[in-house]
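Please read the structure below before turning to the comments.
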Amino acid sequence: MFEFRVERTIGRARAGTLSLPHGEVQTPAFMPVGTYGVIRGLSASDVRRTSAQIILGNSYHLHLRPGEQVVRTMGGLHRFTGWQGPMLTDSGGFQVFSLEGLRKISEEGVEFQSHVDGSYRTLTPEDVMQIQWSLGADVAMAFDHVVPGQAPHDLALEGMERTLRWLDRCRVAHEAAVGRLTAQTMWPIIQGGIHADLRLRSLEGTLERGPWTGVAIGGLSVGEPKPVMQSVLELLEPGLPPNLPRYLMGVGFPADLLEGIACGVDLFDCVAATRNGRHGTAWLPTGRINVKGAPLKGSTEPLDPECDCETCTTVSRGYLRHLFVVQDILGLRLVSIHNLRFLVRLGEQARLHVLDGTFEPWSREWLRRHRGETDRGDDG
């Protein structure tokens, strides 16, 4: 039920197939983020038409609204959202630890003040496993202690060691739930900040506690320089079991995704695609474009002539700009659809080039072209 098959590797890049209870995922793949059980502004049908194979929900936000028991009584997250493909739920560790000034960390768990109603709540590793069991996604993530991207060694050490101790508790709690819900697996998260020795210790300690059906790399893209993120991935890759899917959490800008694939990563997620879309920024092979920009007024060109999404095959750049000028929500939806399809399609293209042996020259040329132009419009 939880199997991963690597079909070919080129350098460190991989093409594989991940089998989950609700379907197969061909990797590398991007996961759209449905934080509250919805990819902002899009229906499940909209997301399916982008060819996304798996989506992510966030346990912290769903715990606050509508509550995991509500989701469970409504048939679980799949029935609740109308998405019948594979799903993964984040433990909420990043969200809880980002509540600076509103939370208190202890060995037992995290006490925090809800940003929704101000109520005080506590989340322990056991709570997080129970929440994710109630939500019913295919993959549940372990509860981790996330530290800022530039965290000093002592703070990163504390977070890394607590993540390992909590992993022991998560595993016991999840195994207790598995008897009630066999169609779910749990993946651990490697922490350690930007410090090589801590990352390697985290990897070693995580694998010692296995076996696992997948492994995640967390605590990146949280403020550290991009080259540091890549160096961490390069450091970890030789020690990651080749037979497990590798999930890089919270990373999904186009260039970052492609560089992650080159470092052996299989799965990605990020809110940037839809967040940028709602603010009028669209991703193109040549960089990005401001859809609200005055140069697009009256343009009859498609947003991206190379893209096969609903937006690029049905409306023009000039019309998209008009939608943003008049503040119609259709513009937000259409650019979000394009950005999601752009990342999903990038994963599809990378997979094909791994399979045919041309990934390295293709990815170099893709990155060169994408970085050659950063913006193609001025606000207007």
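Numbers at a glance
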| item | result |
| --- | --- |
| Cα gyration tensor shape of the range 16-86, rounded if a/c is under 1.5, else prolate or oblate by comparing a/b with b/c | prolate |
| For the chain, cysteines whose Cβ has no other cysteine Cβ within reach (under 4.7 Å) | Cys170, Cys263, Cys270, Cys309 |
| Per-residue ³J(HN,Hα) for the range 286-296, Karplus 6.51 cos²θ - 1.76 cosθ + 1.60, θ = phi - 60°, Hz, x for Gly and Pro | 9, x, 9, 9, 8, 5, 7, x, 4, x, 8 |
| Table column - 3J(HN,Hα) (Hz), the range 20-28, Karplus curve with 6.51, -1.76, 1.60, x for Gly and Pro | 10, x, 9, x, 9, 10, 7, 10, x |
| Gain upon complete extension [Ser98, Arg79; 0.36 nm per residue less C-alpha separation] | 3.9 nm |
| Angle between the chain longest axis and helix 329-355 axis [Cα atoms, degrees, rounded to 10] | 70 |
| Cα-based Rg of the range 28-269 normalised by 2.2 N^0.38 Å, two decimals | 0.95 |
| Residues with amide H under 5 Å from that of Arg14, placed H, sequence gap 5 or more | Gly264 |
| Cα long-axis angle, helix 125-135 against the chain (0 to 90 degrees, to the nearest 10) | 50 |
| Overall dimensions of the range 277-371 as given by Cα atoms, namely Rg and Dmax in Å | 14.4, 47 |
| For the chain, calculated [θ]222 nm from helices alone, where every DSSP H run of n ≥ 4 adds -39500 (n - 2.57) | -12500 deg cm²/dmol |
| Area projected by the alpha carbon convex hull of the range 230-315, averaged over all directions, nm² | 7.1 |
| DSSP-loop GluC sites (Glu not before Pro) across the range 10-109, with at most 16 other Cβ within 10 angstrom | Glu100, Glu107, Glu108 |
| Derived scalar couplings ³J(HN,Hα) [the range 277-283; Karplus, 6.51 cos²θ - 1.76 cosθ + 1.60; whole Hz; x for Gly, Pro] | x, 5, 9, x, 9, 10, 8 |
| Fluctuation leader among Arg121, Arg246, Arg103 - the chain, Gaussian network, Cα springs under 10 angstrom | Arg121 |
| Peptides 140-146, 52-58 ordered by average Cβ neighbours within 10 Å, highest first | 140-146, 52-58 |
| In degrees, nearest ten, helix 226-236 long axis to first principal axis of the chain (Cα) | 50 |
| Highest-first arrangement of 161-168, 207-214, where packing means the average Cβ count within 10 Å | 161-168, 207-214 |
| Cα gyration tensor of the range 140-186 - equivalent ellipsoid semi-axes, whole Å, descending | 28, 10, 4 |
| Relative packing of 289-298, 27-36, 357-366, which averages over residues the other C-beta atoms within 10 Å, highest first | 27-36, 289-298, 357-366 |
| Low-density loop positions, GluC sites (Glu not before Pro), the range 296-357 - DSSP coil, at most 14 other Cβ in 10 Å | Glu306 |
| Under 14 Å, Cβ to Cβ, from Leu198 - net charge with Lys/Arg +1 and Asp/Glu -1 | -4 |
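Read-outs throughout are calculated quantities, based only on the coordinates presented, and are distinct from any laboratory measurement. Here the structure is a predicted model, which is why all the values come from computation and not from measurement. Quick reminder, even Gly has a Cβ in these numbers, built from the backbone with ideal geometry, and neighbours come from all protein chains shown.
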